[in-house]
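To keep things clear, I will list the structure first and then write my remarks on it.
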Amino acid sequence: MEFGNRTRTKSKTNDASRATDNRYPHRLQLYTQPPSDTISLQEFEELAVERLKVLKAVETVGITQQKGTVKYNELLEKEIAATKLKDSILRIKSVHPEKESDNSYRDHLSHFILRLAYCRSEDLRRWFLTQELDLFRFRFQMEDTRSRAQFLNASNLKYKPVSREEKNYVVKQLDGLDHMSNIDDIEYYKVPFTEALDLVRNRKVFLQSGFAYVPQDDLVSILLSVYRTLLSQALTVTARALPSMEEDGRLLPMLCGLSKRYLGQDYGARQQNVGAVTADMIDMLSKKSFPLCMQNIHTTIRHTHHLRHGSRLQYGLFLKGIGLSLEEALRFFRTEFIKNTDVDTFDKKYSYGIRYNYGKEGKKTDYTPYGCMKIIMNNAPATGDSHGCPFRHFDTDFLKQRISTFGLTKDGVEGVMKYVKGGHCQVACAKFFELTHGISDSSSEVEMFIQHPNQYFEHSQKLLNGPAKTPSTPRGVKIVNSQTATSRSSGSDTSIKVETMDETMSQEQMQAMEDDMV
Ligand code: SF4
């Protein structure tokens, strides 16, 4: 791939040639050949973000639903349909067949861009591999028999259905198995058993003379194994080639930031809700509508009358996002801090940082609140710090004890901890939200996904008080019991959609702020 800033004309030429090329004999691909086109940096970034949205949807739906079920397929289809890659990923009959190639091209390119971003560490590679494999499984299973055969052919995978006689022989051997009622409709593929080890291990295939007879529905397992091998090798090769790539200073910051990027609604720049919350309302709001990360910081400031730098940033920007004006933020922090220090010290040492958050000092940037990924991935709290994500950074026993103080049953606590133990902090947070807002019980699947502390707050306020009518309406002063919340929420759609892209304050901005404050 080559990148340029002035490539729109070139891109149009590329668009035309894509429409007529036959590089993509099938919309499904194993991504064996890297693209060699020239694209603009803008297109590069847009494709990266859109594929990331798709993979995040694959991850979320995969955690909350059982893979391969009807509900899983429906939900995933709905989530992917909300991204700009929907025509490239979903099996939609195109009204413009001439655009098929362009759709495949966007699929191809976006996959390779994320390879660059996700080959950098073992953790990133594992995450990318898992989501891409799940996406492939979903897409393959959505294809019909004819299309699957075309894909095998186009990908040089020599798996052919066995002849009728051979199939009859297999069926005879399997005679007596109760799931064989629709045997006439099933195609069998004869595959060397070494390529079907997963199926052999699970005793799902008939074995004879070194071959496994794989029913068509299980063929995806073999393909996934092929794809896994190809992709993990390719990621290792890409990681080795990365240093030369990093010489291009335009790409490095974007590639590094992709894995932490928040893809949801922008809670900072719009600032339509300035003044919706005052300093006096924070205590009340924190009890029911703040996520655990912000409650933790709030408790710290109330008890110690002080916050360290990381907490001041995380909490200060969150409060700004819920509608606390600069004046009210200064009032709130001053009231607490001067219990420990004098007003002069506060004005000299701390008010600068608060004004900085609101774009009144330093670079005068209107900073946006941190998203969950940034809080989870950045700067783990040290002893004495209160920033970070409790579902990620708290000790397990302490977290258990902490969430049980919210009136959760033993099963409810276990329901949350199940996700924490699996490393799914944001799903654990969503489960905690559902249980504390009376939306679900301990046994039900999680219906939503928390991406941002301000999303948590907004969603809680909507459930408790209904949508805010005007930007200046003070929201959430009324705390209702969970029974009321349940009845109000019963008809509401609790799923959160990915809407716009936003990047929260970067490491460089934090550094700049620290430098400015010295
Ligand atoms: Fe806060 Fe997000 Fe962690 Fe929830 S998942 S506690 S909102 S950082």
Checklist entry - For Phe206, which sequence-distant residues (separation of 5 or more, or a different chain) have an amide H within less than 5 Å of its own amide H, given hydrogens modelled in the peptide plane? => result Tyr213
Checklist outcome for this item: Along the range 122-136, Karplus-curve 3J(HN,Hα) (6.51, -1.76, 1.60; θ = phi - 60°) to the nearest Hz, with x for Gly and Pro, reads 4, 4, 5, 4, 4, 4, 4, 4, 4, 6, 5, 5, 5, 5, 4
Item to check | Charge context of His303, other residues only, Cβ under 11 angstrom, K/R +1, D/E -1 | outcome: +1
Checklist outcome for this item: With the 1.4 Å probe rolled over protein heavy atoms, the range 279-465 has an accessible area per residue in Å² of 40 Å²
Checklist entry - Amide H neighbours of His387 under 5 Å, counting only residues 5+ apart in sequence or on other chains, H built in-plane at 1.01 Å? => result Ser311
Item to check | Net dipole in debye of the range 279-465 [+1 Lys, Arg Cβ; -1 Asp, Glu Cβ; about Cα centre; nearest 20] | outcome: 440 debye
Item to check | Residue-count net charge about Phe112 - beta-carbon cut-off 12 Å; Lys, Arg +1, Asp, Glu -1 | outcome: 0
Item to check | Placed amide H near Tyr188: partners under 5 Å, 5+ positions off or other chain | outcome: Val162
Checklist outcome for this item: Quick note, the range 377-476: a/c under 1.5 would make it rounded; otherwise a/b > b/c is prolate and the rest oblate (a ≥ b ≥ c, C-alpha gyration tensor); here it is oblate
Checklist entry - Quick one: with all protein chains in place, what share of the accessible area of the range 279-465 is carbon or sulfur, to the nearest percent (1.4 Å probe)? => result 50 percent
Checklist entry - If you add up the charges near Glu166, with Lys and Arg at +1 and Asp and Glu at -1, over every other residue whose beta carbon is less than 14 angstrom from its beta carbon, what do you get? => result +3
Checklist outcome for this item: Sorting Phe333, Thr436, Leu399 by the position of each Cα along the dipole of the range 279-465 (Lys, Arg +1; Asp, Glu -1; all at Cβ), the one nearest the positive end of that ordering is Phe333
Checklist entry - To the nearest 20 debye, what is the magnitude of the charge dipole of the range 69-155 about its Cα centre, counting +1 on the Cβ of each Lys and Arg and -1 on the Cβ of each Asp and Glu? => result 60 debye
Checklist entry - How far is the Cα center of the range 209-224 from the Cα center of the range 441-462, in Å? => result 40 Å
Next on the checklist: Tell me the carbon and sulfur percent of the accessible area for the range 184-239, rounded to whole percent, probe radius 1.4 Å.
Outcome noted: 50 percent
Checklist entry - Quick one: Karplus J couplings for the range 214-220, per residue in order, coefficients 6.51, -1.76, 1.60, θ = phi - 60°, nearest Hz, x for Gly and Pro? => result 9, x, 4, 5, 9, 4, 4
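The values are calculated or read from the model by the stated rules, or taken from the named source; none is laboratory data. Fair warning: this is a prediction, and the values are worked out from it, not measured in the lab. All Cβ positions, even for glycine, are placed from backbone atoms using ideal geometry, and neighbour counts span all protein chains on display. Ligands, DNA and RNA are excluded from the accessible area calculation, which covers all protein heavy atoms including side chains. Shrake-Rupley method; radii C 1.70, N 1.55, O 1.52, S 1.80 Å.
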